[in-house]
């Protein structure tokens, strides 16, 4: 494993909204377990990988980049068609 650094970041997705409690929480634990959680008021998604295994490092990066790309594509569609 390249590193053993921890990570802990969380924030509201729409911090100025009076109607939304949507948030994310991203962590890397000391043992290398990575978690990324996204929640709104009713549902949540949780993805994880064990970063002590090289193939899972690649998978974690792939999952996050795919998720970011899909979110960006949807935001662009909404902006172009609903704004």
* Kindly establish whether residue 17 is modelled with pLDDT under 95 and either within 12 Å of the chain's Cα centre (by Cα) or surrounded by 10 or more Cβ atoms within 10 Å (Cβ to Cβ) (or both). => yes
* Structure fact -> If we keep only residues of segment 45-56 that are more than 11 Å from the chain's Cα centre (by Cα), without any contact (Cβ under 8 Å) to a residue 40 or more places away in the chain and surrounded by 11 or more Cβ atoms within 10 Å (Cβ to Cβ), then the residue nearest to residue 24 (Cα to Cα) is 49
* Structure fact -> Across (1) under 22 Å from residue 71 (Cα atoms); (2) over 13 Å from the mean Cα position of the chain (by Cα), residue 32 clears everything bar (1)
* **Members of segment 24-74 found to be closer than 15 Å to residue 10 by Cβ and in a loop (DSSP other than H, G, I, E, B), listed by number** => 29, 40
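What do you reckon, is residue 8 touching a strand residue (DSSP E or B) at 6+ places or on another chain (Cβ under 9 Å), modelled with pLDDT of 95 or more and either part of a strand (DSSP E or B) or exposed (fewer than 10 other Cβ atoms within 10 Å of the Cβ) (or both)? Reasoning before the result, please.
On the way: touching a strand residue (DSSP E or B) at 6+ places or on another chain (Cβ under 9 Å): yes; modelled with pLDDT of 95 or more: yes; either part of a strand (DSSP E or B) or exposed (fewer than 10 other Cβ atoms within 10 Å of the Cβ) (or both): yes.
Here the answer is yes, as residue 8 does meet what is asked.
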* Tell me, please, whether a residue that is under 12 Å from the mean Cα position of the chain (by Cα) and in contact (Cβ under 8 Å) with a residue 12 or more places away in the chain can be found in segment 70-81. => no
* Asked: What is the one condition in (1) exposed (fewer than 15 other Cβ atoms within 10 Å of the Cβ); (2) under 13 Å from the mean Cα position of the chain (by Cα) that residue 26 does not satisfy?
  -> (1)
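The values are calculated or read from the model by the stated rules, or taken from the named source; none is laboratory data. Everything numeric here is computed off the predicted structure, so don't read it as measured data. Backbone-built Cβ (ideal geometry, glycine too); neighbour counts: all protein chains shown.
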